[in-house]
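> My structure is below; once you've seen it, I'll send some questions.
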Amino acid sequence: MRLPNNDVVIIGGGIAGLSCARRLNTEGIPFTVLEASDRIGGRVKTDRHDGFLLDHGFQVLQTAYPEAKRVLDYRQLDLHAFAPGAMFQVAGRRFTVADPLRRPRDVIGTITAPIGTFVDRIRLARLTHRVTTEGFEDLFQQPESTAMQFLQAEGFSKTMIARFFVPFFGGVCLDPEIRASSRVLQYVLRMFAQGDVALPAMGMEQIPRQLASDLPAEILRTNVRVRQIADNAVTMEDGSVLSPRAIVVATEGPEADRLLGIPRSRGSISETCLYFSCDRAEWHPPFLVLDADGTGPINNVAFPSAVSPAYAPSGKTLVSVVVLGHPDAGESHLLFRVKDQLVDWFGSEAAAWEHLATFRMVHALPDQSPPTADPNTPIPMVRPGLFVAGEHGSLPGIQWAMLSGRKAAEAVIDCLG
Ligand SMILES: Cc1cc2nc3c(=O)[nH]c(=O)nc-3n(C[C@H](O)[C@H](O)[C@H](O)COP(=O)(O)OP(=O)(O)OC[C@H]3O[C@@H](n4cnc5c(N)ncnc54)[C@H](O)[C@@H]3O)c2cc1C
């Protein structure tokens, strides 16, 4: 295969690689992006299936992400927001807990929902105030513990932790024991408080597409897997070699470990996402519905087409169901258990919901238990001319993939002088 021997090779065409490419492009530095799969986007992809839009796992854009606000054109993405809050499924009933300032009509329900005490609400309001008024970067300088230890130290009741924080934060970090870092918890609370949880009208893949939209098409090479990096030469699976002046590894953590020969990644956390279709109905809420009973297997259910109608064809609703982890038992066994729980939550009509697809993501996110890296620090050079972007040495998520991609590009620009 003949590829241009550009100054920089970026390995991986996910959000981090594309963000790096954008920054280099503004400086006029010649680069090539090598992407192993058939399209850009990495973990942020959307498939079309019989008129439905199926994101690769339930994913959302938090509009408060500082780097996303800086770089993305939200208007062009045509963002549609979930209602600010969530529904909690407790003992056969659903309770709405919403941000009282943005959804005053749910104030009474929010106060009376059986997810903790009145004092817990006050503690949550105080904590939210604290994390939204502190400097953003300061959140990542604080002493660290697991989220569970932090919440216990903050005085939250067992019920509030089990029924609110475990399903909510456990769902965000795909971590039912909420061992993720207290810094990540505070950052997540801040993002939820300061913005919307949104979907681009035509699916999450519109985000990487927008990042790539200004890049020259010929520099994005798909179906090109890098086999190894040695002596600053990049060898592809077909044996061809590139020798750029700088290399940016922007793959997922475990693959970055392999390519760099530095075992730094934190272990993988998995997600299984099942999609169903049903007839459109008025009651399908634009809220995330969370399992506060902890009976499983479901962590959360969402109705993406109730948020952005383009996710389903006319007259239909798309239902997304998230199961944390990567259950070993066969597909039909998991489907049976999920259907059983859906009927329990939404009544017998859920038995007729048609299964559309299942996405099993073995490496959805890395483990985020302490100690975690400060994602705001500059990107160091791994070896002369070799840089890394993405979650390897940072944190996972669209915000950090974008920021680390830009910072890696800035480190490359410094290095190339
Ligand atoms: C199910 C799920 C839900 C999520 N939910 C959210 C959410 O709601 N909000 C949020 O902010 N974040 C969420 N995330 C996390 C977010 O999607 C990721 O952190 C982010 O997309 C990572 O981007 P990246 O570019 O660092 O890595 P990736 O997206 O993993 O991109 C790496 C790219 O490198 C390519 N590659 C790998 N090896 C090679 C090789 N040898 N040669 C060439 N190319 C290679 C891969 O094919 C891939 O395209 C979620 C992730 C998943 C999976």
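The values are calculated or read from the model by the stated rules, or taken from the named source; none is laboratory data. Bear in mind the structure is a predicted one, so any value in this text is a computation, not a measurement. With ideal geometry, Cβ positions are generated from the backbone for all residues, glycine too; neighbour counts draw on all protein chains shown.
> Which count do you get for residues in the stretch 350-375 that are in contact with a strand residue (DSSP E or B) (Cβ under 9 Å, 6 or more places away or on another chain) and within 30 Å of LYS407 (Cα to Cα)?
The qualifying residues number 12.
> For the subset of the stretch 213-233 comprising residues that are within 12 Å of the ligand (Cβ to nearest atom) and of a type in the set (A, V, I, L, M, F, W, C), which member is farthest from SER308 (Cα to Cα)?
ILE229
> In addition: For the subset of the stretch 248-268 comprising residues that are modelled with pLDDT under 95 and not in a helix (DSSP H, G or I), which member is surrounded by the fewest Cβ atoms within 10 Å (Cβ to Cβ)?
Applying the filter and picking the extreme gives PRO263.
> Here are the criteria: (1) more than 25 Å from ILE269 (Cα to Cα); (2) modelled with pLDDT of 95 or more. Tell me which single one LEU356 does not satisfy.
The one condition LEU356 does not meet is (1).
> Before we move on, is PHE150 more than 16 Å from the ligand (Cβ to nearest atom), part of a helix (DSSP H, G or I) and buried (at least 18 other Cβ atoms within 10 Å of the Cβ)?
Yes; evaluated as a whole, the condition is true for this residue.
> Further question: If the requirement is being within 16 Å of the ligand (Cβ to nearest atom) and not β-branched (Val, Ile, Thr), which of these qualifies: PRO380, PRO375, PRO384?
Testing whether each residue is within 16 Å of the ligand (Cβ to nearest atom) and not β-branched (Val, Ile, Thr) leaves just PRO375.
> Of the residues ILE178, ILE219, ILE229, ILE207, only one is closer than 30 Å to ARG258 by Cα, touching a helix residue (DSSP H, G or I) at 6+ places or on another chain (Cβ under 8 Å) and at pLDDT below 95; which?
After ruling out the rest, the residue left standing is ILE219.
> Can we say GLY405 is buried (at least 23 other Cβ atoms within 10 Å of the Cβ), touching a residue at least 60 places away in the same chain (Cβ under 8 Å) and either within 23 Å of VAL197 (Cβ to Cβ) or away from the ligand (no atom under 16 Å from the Cβ) (or both)?
When the stated conditions are applied, GLY405 passes them.
> Would you pick out the residues in the stretch 29-38 that are near the ligand (Cβ under 9 Å from one of its atoms) and either in a helix (DSSP H, G or I) or polar (S, T, N, Q) (or both)?
SER37
> Quick one: which residue in PHE156, PHE192 is within 23 Å of the chain's Cα centre (by Cα) and either among the acidic types (Asp, Glu) or modelled with pLDDT of 95 or more (or both)?
PHE192
> Let me ask something additional. Can you tell which of ARG360, ARG406 is touching a Ser or Thr at 6+ places or on another chain (Cβ under 9 Å), of a type in the set (D, E, K, R) and closer than 19 Å to GLY170 by Cα?
The conditions single out ARG360.
> Here's something else I'd like to know. For the stretch 39-73, which positions are in contact (Cβ under 8 Å) with a residue 40 or more places away in the chain, more than 14 Å from the ligand (Cβ to nearest atom) and touching a strand residue (DSSP E or B) at 6+ places or on another chain (Cβ under 8 Å)?
HIS49, ASP50, GLY51, PHE52, LEU53
> Quick one: which residue in VAL184, VAL172 is free of Cβ contacts under 8 Å to residues at least 40 places away in the same chain, part of a helix (DSSP H, G or I), β-branched (Val, Ile, Thr) and crowded, with 17+ Cβ neighbours inside 10 Å?
After ruling out the rest, the residue left standing is VAL172.
> Checking the condition over 24 Å from the mean Cα position of the chain (by Cα), in contact (Cβ under 8 Å) with a residue 40 or more places away in the chain and closer than 25 Å to VAL301 by Cβ, which residue from ASP106, ASP99, ASP120 passes?
The match here is ASP120.
> Taking CYS415 and the conditions (1) part of a loop (DSSP other than H, G, I, E, B); (2) closer than 30 Å to GLU27 by Cβ; (3) more than 16 Å from the ligand (Cβ to nearest atom), which numbered condition does it fall short on, given that it satisfies the others?
So CYS415 meets the others, but not (1).
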